[in-house]
Amino acid sequence: MAQIKYTNQRVEILDFLKGNTTHPTVEQVYEAVKKKLSRISKATVYQNMKFLAEKGLIQEVNIKGVSRFEPNLEPHHHLICRKCGKIFDFESKELTEYSLRIAKKLKGMTIEASNTNFYGLCKKCKGGNKSFAFEPQN
Ligand SMILES: [Zn+2]
Ligand SMILES: [Zn+2]
């Protein structure tokens with residue numbers, strides 16, 4: 001792995017994201033890190049997160065046009081609740097392989113990764129509604 005300078009800021013950001021499955025936005029990470037490093041700015045948090053994502057220590061995912069970050073570096077997909085906004089990870093090797101196989105046929109671009117977002121209602125939000133709903137797998 002590339003040599004990375006572990007500044008306090010980066011350590012705090014990584015610490016907050018470790019084991020975090022909520023896919024926080026920069027705003028949310030900033031709010032958390034600010035409690036430890038009161039003088040840190042949002043721009044600094046953002047730059048550091050971009051840096052860490054570039055170095056492959058965290059992953060950036062774009063969901064509905066919003067950048068979110070997570071420590072889960074394994075290829076995986078997302079179940080997104082349209083009501084509470086919760087994002088659940090799930091892994092499906094078949095789905096990843098299938099998407100990549102289809103994408104290969106598209107011209108002009110080398111495909112490196114793929115993740116699919118599924119939208120619906122989570123178990124909590126669906127209430128009496130029997131239409132499409134999902135449960136997190138773990
Ligand atoms: Zn929900
Ligand atoms: Zn995820």
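Just so you know, all these numbers are worked out from the coordinates, no wet-lab data involved. Quick caveat, the model's predicted, so the values are computed rather than measured. Quick reminder, even Gly has a Cβ in these numbers, built from the backbone with ideal geometry, and neighbours come from all protein chains shown.
Please list the non-local residues whose amide H lies under 5 Å from the amide H of residue 23, H modeled 1.01 Å from N, same-chain partners needing a gap of 5 or more.
none
Under a point spin-label approximation (7 Å from Cα along Cα-to-Cβ), what is the residue 123-residue 4 distance to one decimal in nm?
For residue 123 paired with residue 4, the spin-label model returns 3.3 nm.
For the residues 80, 13, 111, what sequence is obtained by ranking on other C-beta atoms within 10 Å, fewest first?
With the sparsest Cβ surroundings first, the list reads 111, 80, 13.
Compute the relative contact order of the chain as a whole-number percentage, counting only Cα pairs closer than 8 Å that sit 6 or more residues apart in sequence.
On the way: 172 pairs, mean separation 27.3, N = 138.
So the answer I get is 20 percent.
Could you list 33, 61 so that the one with the fewest beta carbons within 10 Å of its beta carbon is first and the one with the most is last?
Numbers: 33 24, 61 18.
Lowest to highest Cβ neighbour count: 61, 33.
Between residue 93 and residue 21, what's the calculated FRET efficiency when r is the beta-carbon distance and R0 is 25 Å? Round to 0.05.
Rounded to the nearest 0.05, the efficiency is 0.80.
Which of the trypsin sites (Lys or Arg not before Pro) across segment 49-119 are loop residues per DSSP, with 10 or fewer other Cβ within 10 Å?
Those that pass, being in a loop and sparsely packed, are 64, 105, 107.
How far is helix 93-104 tilted off the main Cα axis of the chain, in degrees rounded to 10, range 0 to 90?
90
For the chain, set up a Gaussian network in which alpha carbons nearer than 10 Å are linked by springs, and say which option among 37, 57, 121 fluctuates the most.
37
So what's the net charge close to residue 48: Lys and Arg +1, Asp and Glu -1, counting the other residues with Cβ under 12 Å from its Cβ?
Around residue 48, the surrounding residues sum to +3.
Please give the helix 42-54 orientation as an angle from the longest Cα principal axis of the chain, in degrees from 0 to 90, rounded to the nearest 10.
60
Could you tally the net charge around residue 31, taking each other residue with its Cβ under 15 Å from the Cβ of residue 31, Lys/Arg +1 and Asp/Glu -1? Present the calculation step by step, with values, prior to reporting the outcome.
Values: positive: 34, 35, 36, 39, 42, 68; negative: 12, 15, 27.
Spelling it out: positives minus negatives among the neighbours equals +3.
Which percent of Cα pairs goes in each bin when the distances of the chain are cut into 10 angstrom slices starting at zero?
Going from the shortest bin to the longest, the percentages are 11, 35, 32, 19, 4, 0.
In deg cm²/dmol and to the nearest 500, what is the mean residue ellipticity at 222 nm of the chain if only DSSP H runs of at least 4 residues count, each as -39500 (n - 2.57), divided by the residue total? Let's see the in-between values first.
Numbers: 5 runs with 48 residues, N = 138.
It lands at -10000 deg cm²/dmol.
What net charge is computed for the residues neighbouring residue 89, neighbours being all others with C-beta under 12 Å from the C-beta of residue 89, Lys and Arg scored +1, Asp and Glu -1?
Charge balance in the 12 Å sphere: -1.
How much length is gained if the chain between residue 55 and residue 112 is pulled fully straight, taking 0.36 nm per residue apart and subtracting their Cα-Cα distance, in nm to one decimal?
That pair, residue 55 and residue 112, stretches by 19.0 nm at full extension.
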